[in-house]
Amino acid sequence: MKPLFNEDSLEAVVLELLQDELNYKVQNGYELARDPHTVVLEEDLRDALYSLNPSLSEEVIEAALRKLLYIDDASLVGANQQFHRYLIEGVRIEVYGEDVPSRIVRVIDFDHPNKNSFKAVNQYTVIHKAEKRPDVVVFVNGLPIVVIELKSAVREDATIHDGYLQIKTYQDMIKPLFQYNAFSIISDGVNARFGSITADYDRYMQWKQADRYSPIVDEPHIAQIGTLMKGLLNRGQLLDIIRNFSFFAGGKAKIISGYHQYFGMNKAIDSVVRAVDGDKRGGVVWHTQGSGKSFSMVFLSAGLISRLNNPTIVVVTDRNDLDEQIHGTFSSAADFLRQAPVRAESRENLIELLEHRSIGGIFFTTIQKFTEETGLLSNRPDIIVIADEAHRSQYGIDPDIRIDKKTLEAELVYGYAKYLRDALPNATFIGFTGTPIDSHDKSTIGVFGELIDVYDMTQAKLDGATVDLHYENRLAKVHLDEGILDQIDHEVANIEAQGLTPEKIEKLKKDLVTMEAVIGDDDRLNLVVDDILAHYEIRKDMLKGKAMIVAYSRKIAYKMYQLIKQKSPELADKVGLVMTDSNKDEQEMRDLVGNKQHRQTLANQFKDEKSNLKIVIVVDMWLTGFDVPCLDTMYIDKIMKEHNLMQAIARVNRVYKNKQAGLIVDYIGLSKYLKEALNTYTNRDKNSIPEIEKAKEILMTEVEILEDMFHGFEFSKYMNATPKERFELIQDGVEHVLKERAKEVFMKHVARMQSAYNICATALDFTVRVQVSFFIAVKSFIVKVERDGMPDVEAFKKKITAMIEQAIIKDGDEVVSITAKKEKSLLSVENLERIMAMKRRNVAATILKKLIDDKIKWFEQTNIVRAGFFSEKLKHIVERYNQAEDIDVLITQMIDFAKEIESAINEGIDLQLSPEEQAFYDALAKPELVKAHYQSDVLREMAKKLLQLIADNQTPDWHKRNDAKANMRSLIKRLLKQFKYPPDEIPEATELVIKQAELQMKYNAYDSKRNVSNYSVAAENNRPYTI
């Protein structure tokens, strides 16, 4: 029986939404008269081109049509980029003998969405390397802009990830369809995501807002696909996203904005446009770190260039490495921005750049260049300043006092905003920040204006844009020198006499205290490095990620590097030191630090997940604007506060495959500063970085529950056992879980325990880690048995030994399975005898059920008669198993059943029939009365002729198209009539034969050249089993 809500049901929901709410024309792909080797709806495209270009000649339009139909590029990305250019810029056609050498043919009217045609076609057949049929294709003016792939909402084994894999298969097998693709949508009815042709699964994103005025929809239910489609496929928004929020980064990766970037930057564009003719304050965008702020700036700049007729844009950052990183992002989008960004080398260079451009230009500079000298840079009114990290500490207008550490002399220093305003008095300002603007921060609001849009840490995690952060306190005690404290107190008294606020006094303390000697104490540093190495040893194989150590100073960073190499020589080529070079360094240190080119090499290696560089030690570099998704652990031995702290720890919140969370390991006492920083965030963000102890509490709760399930099991035996004994104990555990019929509950609690373990493993005793490893091993064994059949004993033993040696837990997916040699069946007498002899009877029953179930699934794709009979029989056996009947009796029945299945396959071999032919034989012979009218040889001949007839006359999807189905039914009946089939008493017998033909066609069983059948089984080396 089919599920009540399968892919077809979800498809119907999607088509109804497109038609009724988004005003698309909906058509059935089977009813379209078209060549399946062509992906464009050619007549729709031709009509659109003539309609959108009424002044152009037929010759020009037909030439443009040919260019659109035949995009010539070997690579999919190259072809897609060329088509994207046609969409945005139009198709340029050379015209000879006229005043104007070329004409531009518009493909889409972006300014008037309703002047374009929008159509959705379901089950759209395309033939290229193979014949494939995406669920829904969305066309704009006949061009296949969006592909939608759907999976059943009620089948547990049908996931949204399957939809992603299907899209990737389509990109290979029906590549021409994706030359025109803006993005694809995948959904399993509960979850829905979209992504570009270059997006990995982790970069397929949710879209949670229908429009800028609608609330964000976070619930995982069928409303998610509705919200996504209303947001992405609304006519106006779809065209806006294609035109203004999609680009190719460096010609390689296709970037599409997330919903927060799309709605946020549209708000920002409107705000800046208003500010240009107003008070010049464009506002502040607060989008949390890791949410794609650099790309948001690109989308903002592109929008301003379009709306303000190519103004001059000046991007201001507060650090050279951040300036370099954002400039790199803008450079990759040069085609999209229609100009190459330029970095100003000095204040004079910036003046020169601004003077020589009366329009346009995107210039990058650091805020420090505005303080090298003061005064006017340019009084032009068409300059837009985009300031990154618009904080009070960077952009305050009020004067501040700075104390020189050595002389302890104070000087009056103004915030950068004063110098910015003095330099560019008529410019319009907009600020970006990844951390909050303090409610008391009047300076930043005074310079940039009010908040335009907020995308906080919690929302980013809910959207999968970032991962959770967890905090682990491993504080190595730091004692401050008494003399330094006295000196601080004396200076504080002087500052108080000047009438400064307590807030400013606190701010000065860090400038006054030199903690180098205390933090760099040899005994303390040895303690810290030893602990880092022990911590990393536990964590490195569990997540396979990378680690960053943040040291207090250059000198201490170098000492740490030397200690790591000394204490762990095996890490010598896996650790790197990242600092700027300095003439004051000793020669040995200078050689190690290297130059800018060397640092870039290290950066490339660290970003490469496969490189040997696993640990880097930094001081200030790479703590802002440096993205390494596989970085999952940060060891901090440096006091940081406020936005500097939040920017640094965000290095480990990037999304990466199988990465559950980033871990912050504290050696210097950051807990207080972390809480202070989070208190300035939104209410729901304030507790968003839990301490690792909370994960430990969750884990221990789950361990307690699992211990209760294994009451009486002696875990001490497992810890000290030999590999063989451990394997026996694991099998005993599997038998216990299955015997108690507690598999679902057990698997649920182990999954929770494992999630917590990945976060808090380093805070657990070795004995607890071993105990956890037992439960994971039992889970792994059950998964392998139910998925693949009988696990390979030796491979599993080796895996368990490795797990115990380090108590490092993995999911068990790498356990090798043993099944059948190429020439043997999974249900061979040899295998059945081995299963029958197993002492753990519930494990044996589970293996048997898996093997039988796999065989029945094969029958369901090939033989309608046998599948129905065997499925019903297995259903009754499983019911008896679940009712805890005598397990030995059930195993005997299952063994007999397995032999019956094997015998059914051998029947076809004895009759010299392929499985497909045997399936027709069974359909022909199923009615009992048939055997009284026809000899076996006659039925055998009919079966062979039926298979040949259908192979010779099949057309794509004939079993779904009414016209083709009617023709095939007629051919089948005509053939059967030659044999005077069916007998008069059972006219309905023909229907069963036709259903069998439809079943095999559905699974592409026909090939006129075949006389044998290859079908996949879980065999050694994944080789097919041939009969």
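Test Ile104 against the criterion of being in contact with a strand residue (DSSP E or B) (Cβ under 9 Å, 6 or more places away or on another chain), buried (at least 16 other Cβ atoms within 10 Å of the Cβ) and not in a loop (DSSP other than H, G, I, E, B), and give yes or no. Spelling it out, it is not the case that Ile104 is in contact with a strand residue (DSSP E or B) (Cβ under 9 Å, 6 or more places away or on another chain), buried (at least 16 other Cβ atoms within 10 Å of the Cβ) and not in a loop (DSSP other than H, G, I, E, B).
Output the residue which, of all residues in the range 908-921 that are loosely packed, with under 14 Cβ neighbours inside 10 Å and not polar (S, T, N, Q), is nearest to Ala845 (Cα to Cα). Walk me through it before giving the result.
Step one: filter the range 908-921 for residues loosely packed, with under 14 Cβ neighbours inside 10 Å, giving 909-910, 912.
Then keep just the ones that are not polar (S, T, N, Q); that gives 909-910.
Numbers: Ile909: 29, Asp910: 30 Å.
By that ranking, first place goes to Ile909.
Return the residues of the range 606-619 that are more than 12 Å from Cys630 (Cβ to Cβ) and not β-branched (Val, Ile, Thr); say none if nothing qualifies.
Matches in the range 606-619: Asn612 only.
The residue that is nearest to Ala763 (Cα to Cα), among those in the range 529-578 that are in contact with a strand residue (DSSP E or B) (Cβ under 7 Å, 6 or more places away or on another chain) and part of a loop (DSSP other than H, G, I, E, B), is Gly545.
Could you check, for the range 275-289, whether at least one of its residues is more than 30 Å from Val107 (Cβ to Cβ) and part of a helix (DSSP H, G or I)? Spell out how you get there, then give the answer.
Filtering the range 275-289 down to residues more than 30 Å from Val107 (Cβ to Cβ) leaves 275-289.
Now drop any that are not part of a helix (DSSP H, G or I), which leaves 275-276.
Scanning the range 275-289, I find at least one residue that is more than 30 Å from Val107 (Cβ to Cβ) and part of a helix (DSSP H, G or I), so the answer is yes.
Please determine whether any residue of the range 603-619 is closer than 23 Å to Glu676 by Cα and buried (at least 20 other Cβ atoms within 10 Å of the Cβ). Yes, because at least one residue in the range 603-619 is closer than 23 Å to Glu676 by Cα and buried (at least 20 other Cβ atoms within 10 Å of the Cβ). Six or more apart or on different chains, Cβ atoms under 8 Å: show the pairs whose first residue is in the range 694-715 and in the same structural domain as Met747 (by TED's automatic domain parsing) and at negative phi and whose second is exposed (fewer than 15 other Cβ atoms within 10 Å of the Cβ) and in a loop (DSSP other than H, G, I, E, B). Hits for this filter: Met709/Glu740; Met709/Ala742. Beta carbons closer than 6 Å, at least 6 apart along the sequence or on distinct chains, pair a first residue in the range 544-572 that is in the same structural domain as Leu527 (by TED's automatic domain parsing) with a second that is basic (Lys, Arg) and surrounded by fewer than 21 Cβ atoms within 10 Å (Cβ to Cβ) for Lys546/Lys614; Ala572/Lys565.
Taken over the range 708-749, the criterion of being at pLDDT 75 or above, among the aromatic types (Phe, Trp, Tyr) and assigned to a helix (DSSP H, G or I) is satisfied by Tyr718, Phe727, Phe746.
Has the range 581-601 got at least one residue that is under 26 Å from Asp200 (Cβ atoms) and outside the structural domain of Thr435 (by TED's automatic domain parsing)?
Keep residues of the range 581-601 that are under 26 Å from Asp200 (Cβ atoms), which gives 600-601.
This time we only want the ones that are outside the structural domain of Thr435 (by TED's automatic domain parsing), so: 600-601.
Yes - at least one qualifying residue is present in the range 581-601.
Regarding Phe263, is this residue hydrophobic (A, V, I, L, M, F, W, C) and outside the structural domain of Thr169 (by TED's automatic domain parsing)? It is true that Phe263 is hydrophobic (A, V, I, L, M, F, W, C) and outside the structural domain of Thr169 (by TED's automatic domain parsing). Summed over the range 58-72, the residues that are touching a helix residue (DSSP H, G or I) at 6+ places or on another chain (Cβ under 9 Å), free of Cβ contacts under 8 Å to residues at least 40 places away in the same chain and not in a helix (DSSP H, G or I) give a count of 1. For the range 212-263, which residues satisfy the criterion of being over 22 Å from Gly464 (Cβ atoms) and assigned to a loop (DSSP other than H, G, I, E, B)? The answer is Tyr213, Asn234, Gly250, Gly251, Lys252.
Against the definition (at pLDDT below 60 and not assigned by TED's automatic domain parsing to the domain that holds Ala192), how does Ile384 come out, yes or no?
Numbers: at pLDDT below 60: no; not assigned by TED's automatic domain parsing to the domain that holds Ala192: yes.
It is false that Ile384 is at pLDDT below 60 and not assigned by TED's automatic domain parsing to the domain that holds Ala192.
Name the residue that is surrounded by the fewest Cβ atoms within 10 Å (Cβ to Cβ), counting only residues in the range 626-650 that are of a type in the set (D, E, K, R) and under 18 Å from Thr317 (Cα atoms). Can you show your working first?
As a first pass, look at the range 626-650 and keep what is of a type in the set (D, E, K, R): 627, 632, 637-638, 641-642.
Now restrict to residues that are under 18 Å from Thr317 (Cα atoms): 627, 642.
On the way: Asp627: 15, Glu642: 18.
So, considering only residues that are of a type in the set (D, E, K, R) and under 18 Å from Thr317 (Cα atoms), the one surrounded by the fewest Cβ atoms within 10 Å (Cβ to Cβ) is Asp627.
Does Glu491 count as at pLDDT below 85, touching a strand residue (DSSP E or B) at 6+ places or on another chain (Cβ under 8 Å) and more than 30 Å from Leu663 (Cβ to Cβ)? Explain how you work it out, then say what you get.
Numbers: at pLDDT below 85: yes; touching a strand residue (DSSP E or B) at 6+ places or on another chain (Cβ under 8 Å): yes; more than 30 Å from Leu663 (Cβ to Cβ): yes.
For Glu491, the condition - at pLDDT below 85, touching a strand residue (DSSP E or B) at 6+ places or on another chain (Cβ under 8 Å) and more than 30 Å from Leu663 (Cβ to Cβ) - is met.
The requirement of being basic (Lys, Arg) and not in a loop (DSSP other than H, G, I, E, B) is fulfilled somewhere in the range 108-118, by at least one residue.
The values are calculated or read from the model by the stated rules, or taken from the named source; none is laboratory data. As the structure is a prediction and not an experimental result, all values here were calculated from the model. Virtual Cβ from ideal backbone geometry, glycine too; neighbours counted across all protein chains shown.
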